[in-house]
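Readers should treat all values here as calculations from the given coordinates under stated rules, not as data from a laboratory. Every value quoted in this text rests on a predicted model; they were computed, and no experiment measured them. Cβ placement follows ideal geometry from the backbone for every residue including glycine, while neighbour counts extend to all protein chains displayed.
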Amino acid sequence: MANPKDPDSLSLAGSSTAGTGKPAGAKPDFSNVRGGSDTVPDTSGGGGGTGRPDFSNVQGGSDTVADTGGGGGQQSYVVEKGDNLSSISKRFYGKSKFWKQIFDANRDTIENPDLIYPGQTIVLPAIDTDGDGDSGD
């Protein structure tokens, strides 16, 4: 019998099906294979669980920008490599057309809207993106 820990003793050649006593070339018996998957072990001890994962402790929600604690919906952002005001506007407001409002809110630190730098901190103003008069969309 081949030693599974010794790679030199293993062979792909068929002499007989390992330990079954069936001759090589006989079709394998998969009658005891069950379908399905269970990623959560059954810890109930009874073996008759529902078969469904428990998501009762999952909490939803997402936040693409950390709350900076600023008032009026205004927040700060640190410019990353490859950013420009249009791409920042698209990421935070859904449309690139709000780049001018970002520029206007940062005129004290940005002289040219085409020249922003990685590491530079800018203000992202509260903008009414849907025209309902409320900037807290």
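Hey, got the dipole for region 88-137? About the Cα centre, +1 on K and R Cβ, -1 on D and E Cβ, debye to the nearest 20?
Numbers: 6 positive and 9 negative charges, 56 e Å.
Computed about the Cα centre, the dipole is about 260 debye.
Tell me, what does the Kirkwood hydrodynamic radius of region 74-124 come to in angstroms if you use every pair of distinct C-alpha atoms? It would help to have the intermediate numbers written out before the result.
Working: mean 1/r = 0.0941 Å⁻¹.
Every distinct Cα pair counted, the radius reaches 10.6 Å.
So what's the net charge close to Arg91: Lys and Arg +1, Asp and Glu -1, counting the other residues with Cβ under 12 Å from its Cβ?
0
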